[in-house]
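Participant: If you scroll down you'll find the structure; I have some questions about it.
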Amino acid sequence: MSEGVEWALHSCLNLAWIGPERAVASARLAAYHELPAAYLTKQLQALARAGIVTSVSGPKGGFRLARALDRITLMDVVAAVEGPDEAFRCAEIRQQGPGAGPAGSYAAECAIAGAMGRAELAWRRELTAQTLDDVRERAELQAPAAPDRIRHWFANV
């Protein structure tokens, strides 16, 4: 998974703490965590295509959340940034090289592909079961001052 997923998740939380009344430029969101603005913009555009954030044009433009945090799952963000494809793709290399059996002897699913598929399904279910609101709650328990600190920073930069 790319670091863009982490950046997108933090950006969503920051937008939630800043509030729905103002849009924030991607460069300002990037500056808060000292990230490359052009790369974060790509992540935000992917979130906009997925309907997670909206893009507002104009001098006070930028990004804001398109839906409430309790309606955005971690899987929504991962799929927006990484795409919907499975992480593991079996190329059936067991059928190549000197250890390959005769043609047609591979009717059963590859044991490795099966194990990876089950693990990915569990991973996707867990990401789908957690919303950004769940993450926000944990973040605020760990760092109760974070929302105010973020609102203050974005209001004064």
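Participant: Can you pull out the residues in region 113-136 that are charged (D, E, K, R), surrounded by 12 or more Cβ atoms within 10 Å (Cβ to Cβ) and out of contact with any Leu (no Cβ under 9 Å at 6 or more places or on another chain)?
Facilitator: Those that are charged (D, E, K, R), surrounded by 12 or more Cβ atoms within 10 Å (Cβ to Cβ) and out of contact with any Leu (no Cβ under 9 Å at 6 or more places or on another chain): Glu120, Arg124.
Participant: Also: Quick check: is even one residue across region 74-92 assigned to a helix (DSSP H, G or I) and of a type in the set (Lys, Arg)?
Facilitator: no
Participant: Answer yes or no as to whether Ala27 is open to solvent by 50 Å² or more (accessible area, probe 1.4 Å), among the aliphatic types (A, V, I, L, M), under 17 Å from Arg151 (Cα atoms) and out of contact with any Asp or Glu (no Cβ under 9 Å at 6 or more places or on another chain).
Facilitator: The answer is yes for Ala27.
Participant: Okay, moving on. Kindly provide the set of residues from region 4-14 that are open to solvent by 10 Å² or more (accessible area, probe 1.4 Å) and either more than 20 Å from Glu82 (Cβ to Cβ) or touching a helix residue (DSSP H, G or I) at 6+ places or on another chain (Cβ under 9 Å) (or both), ordered by number.
Facilitator: The answer is Trp7, Leu9, His10, Leu13.
Participant: List the number of the failed condition for Pro20; all other conditions in (1) open to solvent by 80 Å² or more (accessible area, probe 1.4 Å); (2) out of contact with any Leu (no Cβ under 7 Å at 6 or more places or on another chain); (3) in contact (Cβ under 8 Å) with a residue 40 or more places away in the chain hold.
Facilitator: Unmet condition: (2).
Participant: Considering only residues that are among the basic types (Lys, Arg) and within 13 Å of the chain's Cα centre (by Cα), which ones fall in region 1-43?
Facilitator: Within region 1-43, Lys42 is the sole residue that qualifies.
Participant: Which residue is most open to solvent (accessible area, probe 1.4 Å), if the candidates are limited to region 46-71 and must be out of contact with any Asp or Glu (no Cβ under 8 Å at 6 or more places or on another chain) and part of a loop (DSSP other than H, G, I, E, B)?
Facilitator: The residue in question is Lys60.
Participant: Of all residues in region 54-105, count the ones that are farther than 30 Å from Ala119 by Cβ and either touching a Ser or Thr at 6+ places or on another chain (Cβ under 7 Å) or of a type in the set (A, V, I, L, M) (or both).
Facilitator: 7
Participant: Return yes when Glu86 is under 24 Å from Gly51 (Cβ atoms) and either in contact with a strand residue (DSSP E or B) (Cβ under 6 Å, 6 or more places away or on another chain) or open to solvent by 90 Å² or more (accessible area, probe 1.4 Å) (or both) and no when it is not.
Facilitator: So Glu86 passes the test.
The values are calculated or read from the model by the stated rules, or taken from the named source; none is laboratory data. Source: prediction; values computed, not measured. As a convention, Cβ positions derive from the backbone with ideal geometry for all residues, glycine included, and neighbour counts pool all protein chains shown. Note: areas computed on protein heavy atoms with side chains; ligands, DNA, RNA excluded. Shrake-Rupley method; radii C 1.70, N 1.55, O 1.52, S 1.80 Å.
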